[in-house]
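Presented below is the structure to which this report refers.
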Amino acid sequence: MSENPSLDHLIAQLADYRTRHTARLRLKEMGPAIADRLLPLLEDTARPENLRWSVLALLVAWKQTAAAPAILRVARADRGLQSEAVRALASLTGLEIGEDWDEWAKALADPAGYAAPKTAAPAERPHQKVGRTPEERGREFFRRALARDASQFQWEAEGYLYMRFELPGNRKQQIVATFNETDDNRQPLAAIYTECGPASPQAVTAITRRNLTAKHGKFEIEGPEGEQKVVMRAHIPFASLDEKLVHDTVLCMAVEADSLELELTQADRI
């Protein structure tokens with residue numbers, strides 16, 4: 001039993017997307033004095049990944065350089081947190097070593113004697129080494145761009161990335177991304193999809209009007225007669241992806257799709 005039940009309660013709340021943000025802020029206010037209590041959770045794979053990501057973010061916010069060896073172990077062993085762990089190491093040390101684990105080990109073993117590169121490594125592109133397959137590369141790239149903004153961000157066993165975003169007015173929008181489609185030249189695509197509700201008689205006019213001004217994605221009506229629904233889709237070639245484009249596309253689609261859902265249904269079911 002912990003001597004601080006309030007701390008235990010806040011830690012437990014990190015696992016729930018509904019309470020994670022508030023819990024992380026309260027833990028951050030407690031300051032680095034509780035870092036030793038949180039550090040073992042970072043490598044505890046029995047804990048939810050989003051909880052461990054929150055712990056990692058707190059250690060970086062408190063500039064806990066002593067946590068760097070544990071963060072390196074996570075980077076080596078945990079593909080789900082790998083990219084965030086590398087970014088955490090770079091933030092704590094000021095070094096840009098990328099995913100070269102042996103080089104990181106060398107740098108952490110002798111921080112004072114290790115010479116940082118004179119120029120930062122170029123930003124990693126999605127067609128470069130992020131993962132071995134398009135699916136792995138897409139998951140890691142979207143995590144970098146969106147995990148901090150989504151209230152829920154998880155990979156589903158059926159083969160898609162599920163994201164939920166909280167919007168103004170206590171509204172929400174769910175978005176799905178897949179990474180197994182290709183273009184005519186067999187180059188991988190990131191496919192982004194969200195629903196806006198059942199297709200009503202006014203839907204055709206509404207989506208025609210909105211498609212003229214939509215910055216990202218396109219509204220469509222799909223499904224068999226009697227079961228048609230309004231959806232919004234976007235396809236981005238992997239070679240064109242960067243974090244800002246992914247971030248802007250998905251969040252813009254969330255807002256646009258939710259706005260159309262409200263216009264068509266006067267509800268918030270998606």
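A short reminder: the numbers here are calculations on the coordinates, not readings from a lab. Just so we're clear, the structure is a prediction, and the values are computed from it rather than from any experiment. Methodologically, a virtual Cβ is constructed for each residue, glycine included, from the backbone with ideal geometry; neighbour enumeration extends over all protein chains shown.
Figures for the structure shown
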| item | result |
| --- | --- |
| Dipole magnitude of the chain, debye to nearest 20 (Cβ charges: Lys/Arg +1, Asp/Glu -1, about Cα centre) | 560 debye |
| Isotropically averaged projected area of segment 134-265, using the convex hull of Cα atoms (one quarter of hull area), nm² | 8.7 nm² |
| Under-5 Å amide H pairs with residue 172, H placed in peptide plane, nonlocal only | 167 |
| Value of [θ]222 nm, deg cm²/dmol, for the chain, DSSP H segments ≥ 4, -39500 (n - 2.57) each, nearest 500 | -13500 deg cm²/dmol |
| Relative packing of peptides 52-58, 163-169, 220-226, 178-184 - highest average C-beta neighbours within 10 Å first | 52-58, 163-169, 178-184, 220-226 |
| Modelled label reach - residue 152, point 7 Å along Cα→Cβ, segment 16-58 residues with backbone N closer than 19 Å | 16-23, 48-54 |
| Estimated FRET transfer efficiency (residue 114, residue 240; beta-carbon r; R0 45 Å; 0.05) | 0.80 |
| For segment 1-73: Kirkwood Rh in Å [reciprocal of mean 1/r, alpha carbons] | 12.2 Å |
| Helix 82-93 axis, angle to the chain major axis (alpha carbon atoms, nearest 10°) | 50 degrees |
| Principal-axis tilt of helix 243-265 within the chain, Cα atoms, nearest 10 degrees | 40 degrees |
| Whole-angstrom Cα spans of the chain along principal axes, big to small | 67, 49, 30 |
| Chain lengthening between residue 21 and residue 182 when straightened (0.36 nm per residue, less Cα-Cα) | 54.3 nm |
| Pair residue 47, residue 200: separation of 7 Å Cα→Cβ label points (nm) | 4.6 nm |
